[in-house]
Ligand code: GLC
């Protein structure tokens, strides 16, 4: 089948399969134990064979890595640990030559404490124009030692840190919705708006096909700094989903639309209120946003059907396609999550030592791959999910890096367990993740250790095993591309009994058995694909099938 040329298909994003690359853990091209752009370039053919339309690369910029790169010191420079700007340009060009577009991550809510603007703001002192780009504020109380608000951080704990004046005396406080190393920008300031529009142009000029917008609903704050009301109504929260935020994205959309080809804006928008969520997807704002509702639901037919319905109902009126996301670099891997008694996801519920049945989780994660790939819209695959990697839950505590872990007082295991370097080949760590260093000798240990029992999960091992999760993903993505009815378009539920989900996309029906007993398949002419073998013609528990009808 001939595909439209990637550069010229204006609707590519409506049904694209987008693979999330976490560069630090994808592939290491210089043997230092940290993934990099040389490693990514070398593995682009793997992504082509997997059948993805685009990659989303999480932050590759210069950063002290206080939050895995979501603390950006320079938005126009690549971190030396990852490579150079020239190599980033090579990634973009070489991927495109394989028909793969590149989406990069822009972090507009905050910068690194090492960013030139923040350093200048600290040095310039209270009342300076440099400080006006951030949220510096005197403390309350006689000595200014009471923080300006009691807003709670998304990383737990407080959101204000006190500074020292240039003369060493205690000074103003600054706002950080995340870690103290991530000071929030003041989006009411024209410099901030102009700077990010310029950063977008910098990367669009280098050929990126889209921008993933980090923490997209948080940028604008109520300048009066009120406390958070007990039950904020729509638009009433002082730092989440303020009405004024939409002006920012309208301006970004105008920048994106001024470029040739379709340059897309993808929002990381965590909002319960579906109607408010959909406002970000109006025709002159973002193209799509991550659908976290579906990801957070438990493995339950009723719950997942409800999520599909509310998702499609919310997107319909604004004409935007839905996105389907099983995981990312922030959440527990599906193989682990679906193997638990409570298979829903919530940041606040993560704990060490939660009992998990990985075999069950893997069956369900395979079925979920068929389910999400058949739903209307675009699909995100987080690196390693195509290998069925589990969350790594026994990382040595002293190697954990995630501020979410530390700021919870060590109660939350944090997000390192889904960020472990990928296993590519061989039978012992680093499982082909690192090449040998140019100066000879063995590669350095990987930045997070890989479990010793990952030999069976390497790309190499799975390529030669027709029952592997990798082979399943390749089949799923190839068939999704070949079947015109999949991707964007309408969905019709097929009524079933019991814990079964079934829906038709044209002449393809997807059926998933979330119950415990095998069930008969709906009427069909052919079985196109199953996530695990049928059992005497019946669909076993935790199995999905694509049927020709
Ligand atoms: C987003 C990112 C997450 C990061 C946070 C702060 O949620 O996905 O990894 O920690 O923003 O930038």
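Please treat every number below as a calculation from the coordinates, not as lab data. Just so we're clear, the structure is a prediction, and the values are computed from it rather than from any experiment. A quick note on method: Cβ atoms are made from the backbone with ideal geometry, for glycine too, and the neighbour counts reach across all protein chains shown.
At-a-glance table
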quantity: Residue-span extension gain [residue 98 to residue 189] - 0.36 nm each, minus C-alpha spacing; calculated: 28.7 nm
quantity: Rg and Dmax [Cα atoms of segment 116-175; Å; Rg one decimal, Dmax integer]; calculated: 11.6, 32
quantity: Antiparallel %, DSSP beta bridges [both residues in segment 1-132], to 5; calculated: 20 percent
quantity: Point-to-point label distance, residue 247-residue 436, nm (Cα→Cβ direction, 7 Å offset); calculated: 6.0 nm
quantity: Cubic angstrom per residue, convex hull over Cα atoms of segment 54-126; calculated: 85 Å³
quantity: Calculated Rg and Dmax of segment 490-548 using C-alpha coordinates, Å; calculated: 10.3, 32
quantity: Difference of contour (0.36 nm per residue) and Cα-Cα distance, residue 526 to residue 198; calculated: 112.8 nm
quantity: Förster radius 25 Å - calculated FRET efficiency between residue 156 and residue 399, Cβ distance, rounded to 0.05; calculated: 0.75
quantity: Inter-label distance for residue 310 and residue 42, nm, one decimal - labels placed 7 Å from Cα along Cα-to-Cβ; calculated: 4.6 nm
quantity: Angle in degrees between helix 301-315 and the longest Cα principal axis of the chain, rounded to the nearest 10; calculated: 60 degrees
quantity: Crossing angle, helix 85-97 versus the chain [Cα axis fit, 0-90 degrees, rounded to tens]; calculated: 20 degrees
quantity: Residues residue 548 and residue 77, FRET efficiency given R0 of 35 Å [Cβ-Cβ distance, rounded to 0.05]; calculated: 0.10
quantity: log10 of Debye I(q)/I(0), alpha-carbon scatterers only, for the chain at 0.06, 0.09, 0.11 Å⁻¹; calculated: -0.29, -0.67, -1.02
quantity: Between 0 and 90°, nearest 10: helix 469-482 axis offset from the chain longest Cα axis; calculated: 80 degrees
quantity: Rg followed by Dmax, in Å, when segment 259-303 is reduced to its Cα trace; calculated: 13.3, 43
quantity: Gained length - residue 464 relative to residue 482, 0.36 nm times residue gap less alpha-carbon distance; calculated: 4.1 nm
quantity: Whole-angstrom Cα spans of segment 170-267 along principal axes, big to small; calculated: 45, 36, 22
quantity: Exposure proxy order (Cβ contacts within 10 Å, fewest to most) of 352, 178; calculated: 352, 178
quantity: Share antiparallel - DSSP beta bridges, the chain, percent rounded to 5; calculated: 55 percent
quantity: Packing-based ranking, highest mean first, of 536-547, 231-242 given that Cβ atoms within 10 Å are counted; calculated: 536-547, 231-242
quantity: 222 nm mean residue ellipticity, helices alone, for the chain (DSSP H n ≥ 4; -39,500 (n - 2.57); rounded to 500); calculated: -7000 deg cm²/dmol
